[in-house]
Amino acid sequence: ERVLHIAFLLPAAAAATGTYYLARRLCRHPVTAALAAVLTPVFLVSSSNVMCDTMMVAFWVWAIFLWVKGIKEDKTLPLILSAFLIGICALTKYFGMALIGLLLVYTLAEKRKPGLWVLFFLIPGVMLAGYQWYTHKLYMMGLLSQAAAYANYHSWKKVGDLLPKGLIGLAFTGGCAITALFYSPWLWSKRVLIGGGLLMVFLVFVLPYAVSLKRFSFIDDDTGVKWTIAVQMALLTTAGVGILALAVRDFWKSRGADSLMLMLWVLGTFVFAGFINWSVNARSIYPMIPAVGILIMRQWERRERAGDKAGFLRLGLPLAGAAVVSLLVCQADYVWANSARKAANDIDKKYKGHLNNVFFQGHWGFQYYMEEKGYLALEMNDERARKNDILIVPSNTSRRFAAETNFYCFDTLKIKSFPYAATMCGNLGAGFYATIWGPLPYGFGAVDSEYYYFFQIK
């Protein structure tokens with residue numbers, strides 16, 4: 001595990017430095033722009049785990065940097081390198097394919113006409129076509145088309161889904177790129193800030209009564225409205241609106257190819273994460289974070305030119321606030337991840353001599369640690385299970401199927417969580433990795449402990 005975590009710091013460093021080099025071309029404060037991207041909850045949490053999202057973002061920003069360099073300087077080698085990085089980015093996570101369309105539109109806006117540069121897009125095209133053919137040969141189904149079919153199956157099916165999906169997407173955008181919220185007093189006029197405050201107040205009182213989020217409700221049957229969650233949702237949703245407005249405003253003011261690319265980068269990621277992907281999650285918002293950091297600085301510099309001078313303290317103070325929030329969220333995710341390891345260790349101490357008679361349900365880290373110790377995941381209609389065998393089911397997981405008619409609960413294991421914040425927690429409405437528990441990327445408040453239920457198979 002240590003080796004894996006250390007190795008995955010390399011893509012994080014690459015993503016940060018790539019953001020810096022791209023920002024050097026697009027704004028005058030590249031270090032601050034890079035820090036505005038790094039000091040966000042989604043960057044720090046994703047860079048401290050061993051999922052492939054940060055690696056994809058690293059390939060993404062370097063592909064854009066090299067492509068912009070090649071187009072602006074009429075150099076072939078950066079374009080070739082960028083084309084290969086686009087293909088590698090798409091094979092790391094399929095959303096990387098969006099780079100082809102993004103950079104195609106950017107180059108048409110920059111060059112005003114097609115040229116030989118169009119041929120370089122054949123490189124990622126051939127890479128993806130080869131991947132589709134090879135996976136079809138291996139599995140009798142191409143994984144690119146299979147992923148598209150899966151996303152289509154789980155996407156919105158009716159107009160009524162648009163509003164809740166849009167609100168959740170905005171909340172995730174505002175929460176994942178929290179630096180934009182901390183910079184907002186120096187990015188917007190007083191009139192805009194007052195309008196944002198009124199929107200937030202409106203959402204606080206409307207969300208609990210007018211919006212149905214299916215799996216989550218702002219109203220508890222026993223305690224009434226969950227005002228703490230409603231306020232957090234309203235705040236992050238308003239911040240998300242501000243980020244989209246920042247991208248649109250930048251294009252409106254500049255009308256150049258660079259501003260068009262940044263706007264489509266942010267809006268395209270938002271549309272994919274909110275309406276196309278199988279579930280709204282922080283990892284789907286992640287690709288827009290470098291662009292948000294750059295947009296913050298471009299708007300900051302625009303205000304500077306208008307006479308609103310700001311010193312080093314005002315430039316760094318929002319970063320400090322964003323860092324505090326991001327590190328708290330990172331710590332909460334770290335404690336939650338370790339709770340699965342602790343649970344597996346405690347279970348193993350008790351049942352180590354009964355491996356063949358102890359099953360478990362649940363995925364994520366708990367599955368990893370339990371299988372590492374030799375325990376078996378129980379499937380539906382599993383013929384290995386016998387009467388009186390033990391089944392262990394975590395409360396915070398997906399796809400549980402323990403039914404009272406087949407299982408008798410005789411014990412529980414309680415593991416304490418981080419007490420002030422959570423990334424996946426039903427009582428706070430936090431669903432960082434998937435919105436199965438709520439509409440927020442993370443939540444602050446009193447966090448429930450993690451429970452593991454011990455069943456005996458009847």
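Accessible area per residue for segment 1-129 is 44 Å², calculated with a 1.4 Å probe on protein heavy atoms, without ligands, DNA or RNA. Per the Debye formula on identical point scatterers at the alpha carbon atoms of the chain, with no solvent, log10 I(q)/I(0) at q = 0.06, 0.07, 0.12 Å⁻¹ is -0.29, -0.40, -1.10. Scalar couplings 3J(HN,Hα) for segment 228-233, obtained by applying the Karplus form with A = 6.51, B = -1.76, C = 1.60 to θ = phi - 60°, are 4, 6, 4, 5, 4, 4 Hz; x denotes Gly and Pro.
The relative contact order of the chain comes to 17 percent, based on Cα pairs under 8 Å that sit 6 or more residues apart. Between the amide H of Leu376 and those of Phe360, distances stay under 5 Å, these residues lying 5 or more places away or on another chain, with hydrogens modeled in the peptide plane.
Considering only the chain, what is the antiparallel percent among its DSSP beta bridges, to the nearest 5?
On the way: 20 of 26 bridges.
DSSP beta bridges in the chain are roughly 75 percent antiparallel.
Remark on Val225: its backbone amide H falls under 5 Å from those of Asp220, a criterion applied only to residues 5 or more positions apart or on other chains, H modelled at 1.01 Å from N.
Count Lys and Arg as plus one, Asp and Glu as minus one, and take only other residues whose Cβ is under 15 Å from that of Asn396; the net charge is then +4. Karplus-derived 3J(HN,Hα) values for segment 48-59, using 6.51 cos²θ - 1.76 cosθ + 1.60 with θ = phi - 60°, are 9, 10, 10, 9, 8, 5, 5, 4, 5, 5, 4, 4 Hz; glycine and proline are entered as x. Take segment 352-458 with all the other protein chains still there, run a 1.4 Å probe, and you get 51 Å² of accessible area per residue. Applying a threshold of 30 Å to the alpha-carbon distances of Lys414/Lys458; Lys93/Lys352; Lys137/Lys373; Lys373/Lys414 flags Lys93/Lys352; Lys137/Lys373 as lying beyond it.
Taking every C-alpha pair closer than 8 Å and separated by at least 6 residues, the mean separation divided by the residue count of segment 185-282 gives a relative contact order of 19 percent.
Of Arg28, Arg112, which has the most accessible area with a 1.4 Å probe, and how do the rest follow in descending order?
Working: Arg28 135, Arg112 190 Å².
Order by accessible area, largest first: Arg112, Arg28.
The residues neighbouring Arg25, those whose beta-carbon lies less than 13 Å from its own, together hold a net charge of +2 under the Lys/Arg +1, Asp/Glu -1 convention.
Run the numbers on segment 363-458 and let me know its relative contact order in percent, using alpha-carbon pairs under 8 Å that are six or more apart. Please report the intermediate quantities before stating the final value.
Working: 167 pairs, mean separation 32.7, N = 96.
Here the relative contact order equals 34 percent.
In the chain, the portion of solvent-accessible area held by carbon and sulfur atoms comes to 64 percent [1.4 Å probe, whole percent, DNA, RNA and ligands not counted]. Counted without the sites themselves, the longest stretch of the chain free of GluC sites (Glu not before Pro) in a DSSP loop having at most 16 other beta carbon atoms within 10 Å is 2-378. Proximity of backbone amide H atoms, modeled 1.01 Å from N, is registered between Ser398 and His363 at under 5 Å, excluding neighbours fewer than 5 places apart on the same chain. Taken per residue, the accessible surface of segment 237-293 reaches 29 Å², heavy atoms only and a 1.4 Å probe.
Please state the equivalent ellipsoid semi-axes for segment 145-286: what are the square roots of 5 times the Cα gyration tensor eigenvalues, largest first, in whole Å?
Values: eigenvalues 132, 110, 24 Å².
So the equivalent ellipsoid measures 26, 23, 11 Å along its semi-axes.
Once the Cα-Cα distance is subtracted from the 0.36 nm per residue extended length, the Leu9 to Leu313 segment shows a gain of 106.5 nm. How tilted is helix 98-111 with respect to the longest principal axis of the chain? Cα atoms for both, answer in degrees (0 to 90, nearest 10). The angle comes out near 0 degrees.
The values are calculated or read from the model by the stated rules, or taken from the named source; none is laboratory data. In this text the structure is predicted, and so the values were computed from the model without any measurement. With ideal geometry, Cβ positions are generated from the backbone for all residues, glycine too; neighbour counts draw on all protein chains shown. Note: accessible area is taken over every heavy atom of the protein model, side chains too, but ligands, DNA and RNA are not part of it. Shrake-Rupley method; radii C 1.70, N 1.55, O 1.52, S 1.80 Å.
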